[in-house]
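The values are calculated or read from the model by the stated rules, or taken from the named source; none is laboratory data. None of these values were measured; they are calculated from a predicted model. Don't worry about glycine lacking a Cβ; one is built from the backbone with ideal geometry, like all the others, and counts go over all protein chains shown. Keep in mind that these areas ignore ligands, DNA and RNA; they rest on the heavy atoms of the full protein, side chains included. Shrake-Rupley method; radii C 1.70, N 1.55, O 1.52, S 1.80 Å.
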Amino acid sequence: MTRAGLPQGTRDFGAETVHKRQFIFHTIRTVFELYGYEPLETPALENLETLLGKYGEEGDKLLFKILNNGLDHPSKKDSALAGFEKILAGENNNQITERALRYDLTIPFARYVAMHHKEISFPFKRYQVQPVWRADRPQKGRYREFYQCDADVVGSQSLLNEVELIQIYLEVFHRLGMDVELRINHRKILGALAAVCGGTAQLNSITTAIDKLDKAGPDKVKQELTEKNLTPAQVKIVGQYLEIRGSGEEKLEQLKTLLHEKSAEKTNNELSGINDIRYLLGFFPDSKDLVLDLSLARGLNYYTGIIFEVRARNMEIGSIGGGGRYDDLTGLFGVPNIPGVGISFGVDRIFDVMEELKLFPENLGHSAEFLFFNLGPEALAKCTELIQALHKAGVRCELFPDQAKFDKQFKYAERKKIPYVVIIGTEELKTGAAKIKNLSTGVQEECRFGEIVGYAEGLSR
């Protein structure tokens with residue numbers, strides 16, 4: 001007998017949870033389409049070469065690789081064993097694995113644009129709502145299978161795209177009733193910091209360490225930088241950078257001073273990032289939700305400009321959204337010079353926040369609005385007739401399949417959170433009127449058979 005169980009980091013979703021998740025998906029899709037974004041779907045599987053090297057060294061380790069077919073064939077035994085040994089030694093071997101589950105939606109999107117760029121009208125605005133997989137260590141708010149909802153614009157360098165994506169973020173979370181902080185930074189600012197700390201070769205080391213600030217704290221960040229061969233003087237500069245405080249404009253001025261003091265010649269080109277940040281902040285002068293966070297690094301190699309991250313203010317759960325500009329992502333697939341910028345919503349973490357803070361509307365948890373009791377064969381024909389009429393009118397209702405005691409049918413309706421029950425028995429057939437009971441108030445009314453559709457439509461208005 002097989003033991004029933006799930007792989008770590010994955011979950012089943014019952015009806016009530018699915019209703020709530022669909023509420024989130026619907027809200028996000030509605031806002032995406034409000035701004036002119038069109039839907040796209042890509043396969044769960046991608047070629048391994050499509051994904052490798054796009055997420056940094058740590059991201060590559062989290063790819064779910066898929067074994068090739070036929071490795072159990074006797075003729076492949078020796079080559080398969082040799083291939084497994086190479087993988088255990090940290091090498092990739094296409095004799096063993098050539099494909100992987102997608103890690104995010106951005107790289108598959110870039111691959112799609114590269115393949116179809118001759119038929120796409122630019123700027124191209126797409127949204128995508130699909131699951132992704134990461135071989136991560138499962139913990140609260142972190143899963144191995146989870147959904148992302150992405151919106152991207154490619155084929156335009158205008159910062160108005162970033163303004164629009166900020167508006168989308170703020171609108172979605174406003175509709176969901178969530179209090180969030182939208183943090184922004186710029187990869188060119190981080191590039192300028194790397195330039196005064198030994199050159200751009202240090203960029204990945206610095207961004208990877210800074211990205212862990214919230215979890216590890218400043219001392220651990222400095223320790224990691226030291227272990228990555230930054231000098232004490234360079235570690236001190238990073239420390240000064242992380243200590244910058246104040247309003248958005250005050251932070252920009254302190255940042256400009258710090259970088260110019262250390263190496264004006266090396267950072268002049270990189271400081272265009274400061275002007276981009278100032279431009280965005282100028283569109284939202286009174287927003288308390290948009291914050292310049294210089295510790296924000298988002299350690300993905302493909303970001304080149306503005307970067308985003310969203311956090312819930314009332315719950316410690318990590319990022320619930322993020323993204324940024326990637327000015328040559330399609331160049332990785334041989335199609336250069338197609339700039340882009342995009343954002344992502346972490347639906348599973350958003351769900352956890354809304355569930356804990358009780359932010360979901362109360363009327364989400366039921367599939368049917370009316371349950372028709374089954375009181376025997378005499379009434380079934382009338383019940384079926386009325387159910388068909390209600391279905392044609394778009395009213396959700398169902399018939400209890402078995403003739404059973406009232407108590408059992410009432411409990412079924414309560415368990416499924418069906419708000420109304422319809423009772424038609426011998427007496428009701430004689431009078432031509434059904435009894436309709438509201439289970440939340442206990443109020444019971446009579447309704448003529450010919451008026452039930454209008455009655456039901458009136459309740460839904």
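Per-residue answers, yes or no, for (1) modelled with pLDDT under 85; (2) within 14 Å of ALA194 (Cα to Cα); (3) open to solvent by 60 Å² or more (accessible area, probe 1.4 Å):
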position: TYR241; (1), (2), (3): yes, yes, no
position: GLU250; (1), (2), (3): no, no, yes
position: GLN254; (1), (2), (3): no, no, yes
position: LEU259; (1), (2), (3): yes, yes, no
position: GLU265; (1), (2), (3): yes, yes, yes
position: LEU271; (1), (2), (3): yes, yes, no
position: ILE274; (1), (2), (3): no, no, no
position: ILE277; (1), (2), (3): no, no, no
position: GLY282; (1), (2), (3): no, no, no
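Scanning the range 143-157 for residues that are open to solvent by 10 Å² or more (accessible area, probe 1.4 Å) and in a strand (DSSP E or B) yields GLU145, PHE146, TYR147, GLN148. Cβ-Cβ contacts under 8 Å between residues 6 or more apart (or on different chains), taken from a first residue in the range 247-265 that is of a type in the set (Lys, Arg) to a second residue that is exposed (fewer than 12 other Cβ atoms within 10 Å of the Cβ) and at pLDDT 80 or above, are listed as LYS251/ARG245.
Would you be able to say whether some residue in the range 57-66 is at pLDDT 90 or above, closer than 20 Å to ASP150 by Cβ and in contact with a helix residue (DSSP H, G or I) (Cβ under 7 Å, 6 or more places away or on another chain)? So far as the range 57-66 goes, yes, one or more of its residues are at pLDDT 90 or above, closer than 20 Å to ASP150 by Cβ and in contact with a helix residue (DSSP H, G or I) (Cβ under 7 Å, 6 or more places away or on another chain). Evaluating LEU230 against the criteria (1) open to solvent by less than 20 Å² (accessible area, probe 1.4 Å); (2) touching a Gly at 6+ places or on another chain (Cβ under 9 Å); (3) assigned to a helix (DSSP H, G or I) leaves one unmet condition, (3). Against the conditions (1) modelled with pLDDT under 95; (2) among the acidic types (Asp, Glu); (3) more than 30 Å from ARG144 (Cα to Cα); (4) under 36 Å from the mean Cα position of the chain (by Cα), GLU398 satisfies every one except (1).
Which residue out of PRO138, PRO123 is in contact with a Gly (Cβ under 6 Å, 6 or more places away or on another chain), over 30 Å from PHE64 (Cβ atoms), open to solvent by 10 Å² or more (accessible area, probe 1.4 Å) and in contact (Cβ under 8 Å) with a residue 24 or more places away in the chain?
Details: PRO138 fails: over 30 Å from PHE64 (Cβ atoms).
None of the others qualify; the one that does is PRO123.
In the set (1) on the phi > 0 side of the Ramachandran plot; (2) open to solvent by 50 Å² or more (accessible area, probe 1.4 Å), PHE406 fails one condition alone, (1). Residues of the range 434-456 include none that is under 30 Å from ASP152 (Cβ atoms) and open to solvent by less than 40 Å² (accessible area, probe 1.4 Å). In the range 355-386, of all residues being open to solvent by less than 20 Å² (accessible area, probe 1.4 Å) and either free of Cβ contacts under 8 Å to residues at least 12 places away in the same chain or of a type in the set (A, V, I, L, M) (or both), the one that is nearest to LEU429 (Cα to Cα) corresponds to ALA379. The single condition among (1) farther than 13 Å from VAL31 by Cβ; (2) in contact with a helix residue (DSSP H, G or I) (Cβ under 8 Å, 6 or more places away or on another chain) that ASN161 does not satisfy is (2). Quick one: would you say VAL113 is of a type in the set (Val, Ile, Thr), part of a helix (DSSP H, G or I) and either at pLDDT 95 or above or open to solvent by 60 Å² or more (accessible area, probe 1.4 Å) (or both)? So VAL113 fits the description; yes. Evaluation of PRO336 against the conditions (1) over 27 Å from LEU48 (Cα atoms); (2) open to solvent by 20 Å² or more (accessible area, probe 1.4 Å) shows that the sole unmet condition is (1). Restricting attention to the range 172-226, the residues that are open to solvent by 10 Å² or more (accessible area, probe 1.4 Å), modelled with pLDDT under 85 and not in a helix (DSSP H, G or I) add up to 6.
To keep it simple, each residue is scored yes or no on (1) open to solvent by less than 80 Å² (accessible area, probe 1.4 Å); (2) assigned to a loop (DSSP other than H, G, I, E, B).
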position: ALA4; (1), (2): no, yes
position: THR10; (1), (2): yes, yes
position: THR27; (1), (2): yes, no
position: GLU33; (1), (2): no, no
position: GLU41; (1), (2): no, yes
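For the range 305-348, enumerate the residues that are touching a residue at least 12 places away in the same chain (Cβ under 8 Å) and in a loop (DSSP other than H, G, I, E, B).
Here is the first cut: in the range 305-348, the ones touching a residue at least 12 places away in the same chain (Cβ under 8 Å) are 305-315, 317-330, 332-335, 338-348.
Residues satisfying the conditions are GLY305, ARG313, ASN314, MET315, ILE317, GLY318, ASP327, ASP328, GLY334, VAL335, ILE338, PRO339.
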